[in-house]
């Protein structure tokens, strides 16, 4: 079992998944391996439907539904990988209909709206006001992850068209994103203040002359929130807010998936939690009969 887990973890590392994802995989599979060994199991081929059910039942007594769901997903992916690696010689027990993903209670995650973001940006002041305002507008308007905004260089953003080349997205993946003229104006004002901005320099420069850190920007966000009296809900709330506004303004889920850099559309779907009023607004704009009537 340990050898199979190592092969799988090495393969995920080679795919350049994020360090946090790799830590989760190692923790989940390491915990399962330890439990399996205590039950007398030795090889991955001995993992059956009953083994997985027993593990999840015992694990479920000490962890939250969300954590249990995470364990299920990682065990399933590992199991399918081993089946492919052995050309089907070791069958995954997860093909069985007896194994179901644990249910996770629906929980609405915070999503920033445009009004809150603009109010937050108006409260930004001080020596680095132009930089910080441009940073937060860029983060919200592009849907980029915090680490991706921090890693941008001057040459990664077309200051005319708004095209962004994300060279090192999650897992080291490349993608294209975009930002509007509103955020671009803020970025150009900030770069004009710098007077000289070499193309390979950080787009948003730290006092040291290097790239801003995610920890540093989190601290800056908290200080501005306290001053503005506006809670954004964290940087990921900006990303979820972008996703929500994108759909409300007529964007589609597949395009949104590409802009956010998600491998699976289900991940994108989880970012967008619309209430009944928001659904009605989108429907009234998209109704086929309503559109036909207006032609």
Original post:
Can you tell which of 207, 245, 225 shows the greatest fluctuation in a Gaussian network model of the chain with Cα springs below 10 Å?
Top reply: 207
Subject >> Inter-part distance where the range 18-40 and the range 68-114 are each reduced to a Cα centre, Å >> reply: 14
Subject >> Nearest-ten-degree value, helix 276-286 long axis tilted from longest Cα axis of the chain >> reply: 70
Original post:
Under the definition of Cα pairs under 8 Å and six or more residues apart, what whole-number percent is the relative contact order of the range 2-95?
Top reply: 31
Subject >> Top of 75, 238, 212 by mean-square fluctuation, Gaussian network on the chain, Cα under 10 Å >> reply: 75
**OP:** With the Cα gyration tensor of the range 143-216 in hand, convert its eigenvalues to equivalent ellipsoid semi-axes via √(5λ) and list them largest first in whole Å.
**Re:** 18, 16, 11
Subject >> Against the rule of thumb 2.2 N^0.38 Å, how large the Cα Rg of the range 114-285 comes out >> reply: 1.03
Original post:
Can you give the translational diffusion coefficient of the chain in µm²/s, computed by Stokes-Einstein from the Kirkwood radius over Cα pairs at 20 °C and 1.002 mPa s?
Top reply: 97
Subject >> Hull-based mean projected area of the range 1-63, where the convex hull spans the alpha carbons, in square nanometres >> reply: 4.6
Original post:
Which one of 242, 32, 178 has the biggest mean-square fluctuation once the chain is modelled by GNM with Cα springs under 10 Å?
Top reply: 32
Original post:
If you rank 266, 201 by fewest surrounding Cβ atoms within 10 Å, what's the result?
Top reply: 266, 201
Original post:
Taking a quarter of the surface of the Cα convex hull of the range 187-244, what do you get in nm²?
Top reply: 5.4
**OP:** On a C-alpha basis, how far is the centre of the range 138-158 from the centre of the range 42-63 in Å? Whole number, if you could?
**Re:** 42
**OP:** Express the relative contact order of the chain as a whole percentage, based on alpha carbon pairs under 8 Å and six or more residues apart in sequence.
**Re:** 18
Original post:
Could you list log10 I(q)/I(0) for the range 29-137 at q = 0.11, 0.12, 0.16 Å⁻¹, which the Debye formula gives when each Cα is one point scatterer?
Top reply: -0.55, -0.58, -0.74
Original post:
How do 156, 141 rank when sorted from fewest to most other Cβ atoms within 10 Å of their own Cβ?
Top reply: 156, 141
**OP:** List 46, 199 from most exposed to least, where exposure is judged by having the fewest other Cβ atoms within 10 Å.
**Re:** 199, 46
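Coordinate-derived values only; no laboratory data. Remember, predicted model here, so these are calculated numbers, not experimental data. We place every Cβ from the backbone using ideal geometry, glycine too, and count neighbours over all the protein chains shown.
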